[in-house]
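Q: If you scroll down you'll find the structure; I have some questions about it.
The values are calculated or read from the model by the stated rules, or taken from the named source; none is laboratory data. Not measured: the values here are computed from a predicted model. Virtual Cβ from ideal backbone geometry, glycine too; neighbours counted across all protein chains shown. The area values use the complete protein model at the heavy-atom level, side chains included, leaving out ligands, DNA and RNA. Shrake-Rupley method; radii C 1.70, N 1.55, O 1.52, S 1.80 Å.
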Amino acid sequence: MTPELERALQRHTQWFGSYKKSGELKKIHVWLSVHDGQIEFLTPGDSYKIKRVRRNPHVVCYVGGKNGPAIAGIAQIITVRGELARVYRTYWKIHPLRMALMVGLRVWIEILLNKRVVVRIQPDAPNPLAGLTDPAA
């Protein structure tokens, strides 16, 4: 892993890029966590991000900032409640103040109502995040 990528990962944010029908890359700012070398984040199940991923799972994650280190990969949509709960707990570890003050309860309710999903990105080979789980479980 490069020092630039290591510093970018410490921000626990990314610009998630998915492709419109036209082929244009659309970047959206989201949080991120890394689990077993894969990038993960929670999002509403009916978001445009999800619609674009269902149409084309090829994505690009710009780690740490809009022009941060780019990691291309294949996105998968996860609806298993245990996986959603694990990412939710990870969010509490990496963004405790924001979760407590702004979104924690709302996100949990949306998980219980099956309105949230996990987007999991398997980076293309060679995987620069291979073996990484952050924060350490």
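Q: Let me check I've understood the local charge: for Ile78, count other residues with C-beta under 12 angstrom from its C-beta, Lys and Arg +1, Asp and Glu -1. What total comes out? List each step's numbers first, then the result.
A: Numbers: positive: Arg81, Arg86, Arg116, Arg120; negative: Glu40, Glu83.
Overall, the nearby charge balance is +2.
Q: What is the sum of charges, Lys and Arg at +1 and Asp and Glu at -1, for the other residues whose Cβ falls under 12 Å from the Cβ of Val87? Walk me through the numbers on the way to the answer.
A: Details: positive: Arg81, Arg86, Arg89, Lys93, Arg116, Arg120; negative: Glu40, Glu83.
Net charge in that neighbourhood comes out at +4.
Q: Excluding ligands, DNA and RNA, what is the solvent-accessible area per residue of the chain at a probe of 1.4 Å, expressed in Å²? Let's see the in-between values first.
A: Values: 7370 Å² over 137 residues.
Roughly 54 Å² per residue, with all protein chains present.
Q: Can you tell me the dipole magnitude for the chain around its Cα centre, using point charges on the Cβ only (Lys, Arg +1; Asp, Glu -1), in Debye to the nearest 20?
A: Values: 21 positive and 10 negative charges, 129 e Å.
Computed about the Cα centre, the dipole is about 620 debye.
Q: Right, another one. I'd like the accessible area for Asp124: 1.4 Å probe, protein heavy atoms, all chains in place, Å² to the nearest 10.
A: 80
Q: Pop out the carbon and sulfur fraction of the accessible area of the chain as a percent, whole number, probe 1.4 Å.
A: Values: 4040 of 7370 Å².
Exposed carbon and sulfur together represent 55 percent of the surface.
Q: Follow-up question, since we're still on this one. How much FRET efficiency would the formula 1/(1 + (r/R0)^6) give for Glu6 and His29, where r is the Cβ-Cβ distance and R0 is 25 Å, rounded to 0.05?
A: Details: r = 20 Å, r/R0 = 0.81.
Result of the calculation: an efficiency of 0.75.
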